[in-house]
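Notes to accompany the following structure.
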């Protein structure tokens with residue numbers, strides 16, 4: 001059993017989200033005779049994890065001193081909320097492609113076990129927060145966790161190309177009950193997800209020698225998991241799933257560079273990004289994942305670097321590259337702060353058809369909107 005190292009900080013002001021209030025009002029109108037179910041957030045980590053303890057600490061560890069003492073769970077959990085942690089190997093040295101049994105298959109099996117009330121195998125720093133079988137279930141996925149969850153949800157419906165199927169190292173089919181894993185999941189929330197890949201992986205795998213060296217240092221080179229995070233259609237998850245998802249998929253994107261000299265990572269990417277992943281990919285916009293997309297999810301004509309006129313493209317719900325995927329928020333967060341609650345109240349740009357509820361960072365907004 002491993003224990004999450006938690007550094008506490010002042011509890012942030014919480015407000016009831018729009019969706020929570022609507023649900024409560026409906027319950028009262030219908031004369032519900034029992035208390036509402038608790039929420040269970042099932043957490044799916046991203047790239048760079050090699051052990052179960054790292055998977056647990058993923059939601060509090062930070063790469064920058066600016067985020068010392070921050071913890072995603074501090075902003076996510078309200079009274080009565082629970083959570084369950086999943087783990088799959090996504091390390092630089094031996095990471096697995098999102099369609100592998102050791103990745104998508106392992107995540108799906110753990111989700112099924114958590115929903116059954118079996119716990120996640122970790123000792124939580126927050127007492128009484130293991131999920132029970134009668135909770136309302138939500139999935140929160142960060143970075144590589146997003147294509148993992150899209151692959152699972154997109155192959156949990158009869159007729160999908162890899163229905164209930166993951167693959168082993170020999171690309172042989174392995175039966176995994178994705179359909180059961182997705183049953184009773186209310187929604188999936190993707191934060192900074194490489195849904196249509198990242199230009200960073202393109203350059204690591206096919207760029208100049210300078211980009212190759214940067215990639216060796218930052219990503220462990222063009223390993224298997226990085227290779228399958230390229231933006232080419234032959235790699236992106238939207239071409240490995242069916243025409244629908246078993247669960248609605250809400251996307252949250254970050255558009256700020258990393259602090260300090262680490263902001264140089266954005267030089268490998270086009271347009272707005274969170275230091276690792278293009279915003280257009282995070283928001284699952286149709287067309288190129290490397291388009292120069294502004295943080296209000298629009299593109300404009302330019303003159304001497306100044307945008308002008310009306311938007312030439314809007315990444316609204318009808319312009320998504322994947323089915324049943326919806327805009328939630330686009331925030332002034334980098335790839336690190338997204339997962340550890342490193343920013344208290346980042347600015348938010350309104351986006352077409354975006355989900356309008358909650359306030360604060362990605363964690364607190366998800367909490368309020370559920």
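The values are calculated or read from the model by the stated rules, or taken from the named source; none is laboratory data. The model shown is predicted, which means the values in this text are computed figures rather than measured ones. Don't worry about glycine lacking a Cβ; one is built from the backbone with ideal geometry, like all the others, and counts go over all protein chains shown.
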* Using the structure shown, decide if residue 156 is touching a helix residue (DSSP H, G or I) at 6+ places or on another chain (Cβ under 7 Å) and farther than 26 Å from residue 364 by Cα. => yes
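In segment 134-159, how many are outside any helix (DSSP H, G or I), within 22 Å of the chain's Cα centre (by Cα) and within 12 Å of residue 178 (Cβ to Cβ)?
Of the residues in segment 134-159, the ones outside any helix (DSSP H, G or I) are 134-144, 155-159.
This time we only want the ones that are within 22 Å of the chain's Cα centre (by Cα), so: 135-144, 155-157.
Next, only the ones that are within 12 Å of residue 178 (Cβ to Cβ) stay: 155-157.
Going through segment 134-159 one residue at a time, the tally reaches 3.
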* To do: With the condition kept exactly as written, say whether any residue in segment 330-349 is over 20 Å from residue 187 (Cβ atoms), modelled with pLDDT under 95, part of a loop (DSSP other than H, G, I, E, B) and in contact with a strand residue (DSSP E or B) (Cβ under 6 Å, 6 or more places away or on another chain).
  => yes
* Do we have any residue at all in segment 306-317 that's at pLDDT below 90, surrounded by fewer than 24 Cβ atoms within 10 Å (Cβ to Cβ) and in a loop (DSSP other than H, G, I, E, B)? -> no
* Structure fact -> By residue number, the members of segment 82-109 that are out of contact with any helix residue (DSSP H, G or I) (no Cβ under 9 Å at 6 or more places or on another chain) and within 14 Å of residue 55 (Cα to Cα) are 106
* **helices (runs of 4 or more DSSP H) contained entirely in segment 41-126, each with at least 3 residues that are modelled with pLDDT of 95 or more, crowded, with 17+ Cβ neighbours inside 10 Å and more than 18 Å from the chain's Cα centre (by Cα)** => 106-115
* Identify the residue in segment 168-192 that is assigned to a strand (DSSP E or B) and surrounded by 20 or more Cβ atoms within 10 Å (Cβ to Cβ) and, among all such residues, is farthest from the chain's Cα centre (by Cα). => 185
* Structure fact -> Of the residues in segment 248-288, those that are in a loop (DSSP other than H, G, I, E, B), buried (at least 20 other Cβ atoms within 10 Å of the Cβ), over 14 Å from the mean Cα position of the chain (by Cα) and touching a residue at least 60 places away in the same chain (Cβ under 8 Å) come to 255, 256, 258, 269, 275
